[in-house]
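A short write-up of the structure that comes next.
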Amino acid sequence: MRYTINWVMKMKIVKTIFEILLLSFIFIITIFGFIVVHEYNKNSVYLNDFKYQKTRYYENKIINKKIDELVKNNTLVSNNVFNKRYVCLLENNNGNYASYIYGYYNGKLLEIKDLFKNEDGYELFKSKVEEMLALKYPKFVKEELINNSTPAYDILENKIIIHYNKTELLKEINEDLYVEINYVELIIDNNNILNYSFQLDSNYENPNTYKLDPNKKTIAFTFDDGPAGEKTMRIMNALLDNKANATFFILGNKVNNYKETVEFMNKNGFEIGSHTYEHTSLPKLKNGKLEESISKTENNIKAITGKDVLLIRPPYGAINDYVKESLNHPFILWDVDTNDWLYKDKDHNINHIIENAKDGDIVLMHDIHEPTVETVEEVLPMLYLKGYQVVSVSELAELKGYKLENHHAYRSFK
Ligand code: NI
């Protein structure tokens, strides 16, 4: 009996010791855990309070570690979580952008295509990006960005902003290169092509547009003696590809032979001016012939475009007080003369424009010569990279704060 009691007592003691050890172990582990969490948070709170106010931390330490790294480098510019599914961090390191997309719980680094339900959705997204780039940038910039730049993604609740890193070709450009893809653009037949849900803007307006900037260096291109069918068409296409505009001073007697060219000009927003009916020096026209040359030209153009013709470019730049007083129009001369009709040399034209054209200048060319077509195709990207916008005469006047007045002659707008 005694033996049995002793045995039971012993077992109780062993059990109690075991329980004490177990509790101590749990206690130590818990304390250790608290210390670890506390140390981590202490570090985070420090960074949160003093380095980057908007820093937000998550349940995954891989992501938080990256946030700490970017905050420490002072390069974190955006930090977003969506649907507790993905986290997207955007880094801007002196104009070099990088994005990090993580799975919310597992901290797995993902690619942009992982955010789409399927390959078709991702392809649609890529074509939207291309479409938006085409709206905002010249064709050569769009192609360079798609083919040679590394994009970084800022994924927000209502849109994705795509930042592009500048390539060697585009390094001269001062502004940031980016497009915004609003989710409104990604809803097809009421279907969401993404793996997460988002917010739709009710008053969506596409922000990816090319806009003239009054603070940018600006020059006007003018083309005389056309229209000339194929050559004029190629010049217009080059202008469109480069987000540029121009004024075409056309001859009244050529208009009906190139109706389609004039229609295209009008439809695509090019400015059409008068270069008289048959290229006669205006001071030589007397007895109503002066007014007739202008009105016949205007009538031919208006029959196609339905618009009044505002500007006159006098042939040979020949103008006198009588001409100025007789006609109710502004007269547009030039201050950069490429002499393209004389040299018929692309490189000469390009060098002349690059060396001489300055903010506010009007450049004279003729759309009837092949080297001039090639000049326009090559010089527009060069001018864009140098920070110029190329516009029509009326646009240049407006951007520079001029109101074009009848009976006045203009050489530039500075
Ligand atoms: Ni001429």
- [ ] State all residues of the stretch 56-84 that are out of contact with any strand residue (DSSP E or B) (no Cβ under 9 Å at 6 or more places or on another chain), of a type in the set (D, E, K, R) and within 22 Å of Leu115 (Cα to Cα); if no residue qualifies, say none.
- [x] Glu59, Lys61, Lys84
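Search the stretch 277-322 for residues being of a type in the set (Lys, Arg) and touching a Gly at 6+ places or on another chain (Cβ under 8 Å), and hand back the single one that is nearest to the ligand (Cβ to nearest atom). Don't jump to the end; show me each part of the working.
First pass over the stretch 277-322, keeping only residues of a type in the set (Lys, Arg): 284, 286, 289, 296, 302, 307, 313.
In the following step, the residues that additionally are touching a Gly at 6+ places or on another chain (Cβ under 8 Å) were identified as 296, 313.
On the way: Lys296: 17, Arg313: 7 Å.
That would be Arg313.
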Open item on the list: Give me the residue from the stretch 365-379 that is surrounded by fewer than 24 Cβ atoms within 10 Å (Cβ to Cβ), outside any helix (DSSP H, G or I) and not aliphatic (A, V, I, L, M) and, out of that set, nearest to the ligand (Cβ to nearest atom).
Closed with: His366
TODO: For residues that are over 19 Å from Ser293 (Cβ atoms), outside any helix (DSSP H, G or I) and within 15 Å of the ligand (Cβ to nearest atom), tally how many sit in the stretch 223-245.
DONE: 2
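This table checks each residue for (1) modelled with pLDDT of 95 or more; (2) under 34 Å from the mean Cα position of the chain (by Cα); (3) open to solvent by less than 60 Å² (accessible area, probe 1.4 Å).
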{"residue": "Phe331", "(1), (2), (3)": "yes, no, yes"}
{"residue": "Asn339", "(1), (2), (3)": "yes, yes, yes"}
{"residue": "Val363", "(1), (2), (3)": "yes, yes, yes"}
{"residue": "Pro381", "(1), (2), (3)": "yes, yes, yes"}
{"residue": "Ser394", "(1), (2), (3)": "yes, yes, yes"}
{"residue": "Tyr402", "(1), (2), (3)": "yes, yes, no"}
{"residue": "His408", "(1), (2), (3)": "yes, no, no"}
Open item on the list: With the structure loaded, tell me whether Gly273 is within 22 Å of Val363 (Cβ to Cβ) and out of contact with any helix residue (DSSP H, G or I) (no Cβ under 9 Å at 6 or more places or on another chain) or whether it fails that test.
Closed with: no
TODO: Give the residue, chosen from Lys159, Lys139, Lys128, Lys113, that is open to solvent by 50 Å² or more (accessible area, probe 1.4 Å), more than 13 Å from the chain's Cα centre (by Cα) and of a type in the set (D, E, K, R).
DONE: Lys113
Open item on the list: For a quick check of your reading of the model, give me the residue pairs whose first member lies in the stretch 347-358 and is farther than 15 Å from Gln389 by Cβ, whose second is surrounded by 14 or more Cβ atoms within 10 Å (Cβ to Cβ) and of a type in the set (S, T, N, Q), with beta-carbon atoms closer than 7 Å and at least 6 apart or on different chains.
Closed with: Asn349/Thr338; Asn349/Thr372; Asn349/Thr375; Ile350/Thr375; His352/Thr338
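Take the residues in the stretch 162-182 that are of a type in the set (Asp, Glu) and surrounded by fewer than 16 Cβ atoms within 10 Å (Cβ to Cβ), then tell me which one is farthest from Gln389 (Cα to Cα). Even if it seems obvious, please write down each step before you answer.
Taking the stretch 162-182 first, the residues of a type in the set (Asp, Glu) are 168, 172, 175-176, 180.
Cutting the leftovers down to surrounded by fewer than 16 Cβ atoms within 10 Å (Cβ to Cβ) gives us 168, 172, 175-176.
On the way: Glu168: 21, Glu172: 15, Glu175: 14, Asp176: 16 Å.
This residue is Glu168.
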Open item on the list: Tally up the residues in the stretch 134-172 that are more than 25 Å from Leu239 (Cα to Cα) and of a type in the set (Ser, Thr, Tyr), please.
Closed with: 2
Task: Criterion (farther than 30 Å from Glu374 by Cα, over 16 Å from the mean Cα position of the chain (by Cα) and open to solvent by less than 40 Å² (accessible area, probe 1.4 Å)) met by exactly one of Leu194, Leu200 - done: Leu194
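Select from the stretch 233-256 the residues that are out of contact with any strand residue (DSSP E or B) (no Cβ under 9 Å at 6 or more places or on another chain) and under 25 Å from Ala318 (Cβ atoms) and list them in ascending order. Spell out the reasoning first.
The initial filter retains those residues of the stretch 233-256 that are out of contact with any strand residue (DSSP E or B) (no Cβ under 9 Å at 6 or more places or on another chain), namely 233-234, 237-238, 240-241, 253-256.
Hits for the stretch 233-256 are Asn253, Lys254, Val255.
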Task: Qualifying positions in the stretch 203-222 - over 24 Å from Ile304 (Cβ atoms) and part of a strand (DSSP E or B) - done: Lys217, Thr218, Ile219
TODO: Go over the candidates Glu325, Glu260 one by one and state the one that is within 35 Å of the chain's Cα centre (by Cα), away from the ligand (no atom under 16 Å from the Cβ) and surrounded by fewer than 17 Cβ atoms within 10 Å (Cβ to Cβ).
DONE: Glu260
- [ ] Take the residues in the stretch 216-257 that are aliphatic (A, V, I, L, M) and open to solvent by 40 Å² or more (accessible area, probe 1.4 Å), then tell me which one is farthest from the chain's Cα centre (by Cα).
- [x] Met233
Task: So Glu185, is it in a helix (DSSP H, G or I), in contact (Cβ under 8 Å) with a residue 40 or more places away in the chain and buried (at least 16 other Cβ atoms within 10 Å of the Cβ) - done: yes
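The values are calculated or read from the model by the stated rules, or taken from the named source; none is laboratory data. Since the structure is predicted, the reported quantities are computational estimates derived from the model, not experimental observations. Note that each Cβ is placed from the backbone with ideal geometry, even for glycine, and that neighbours are counted across all protein chains shown. Surface accessibility is based on the protein's heavy atoms, side chains included, excluding ligands, DNA and RNA. Shrake-Rupley method; radii C 1.70, N 1.55, O 1.52, S 1.80 Å.
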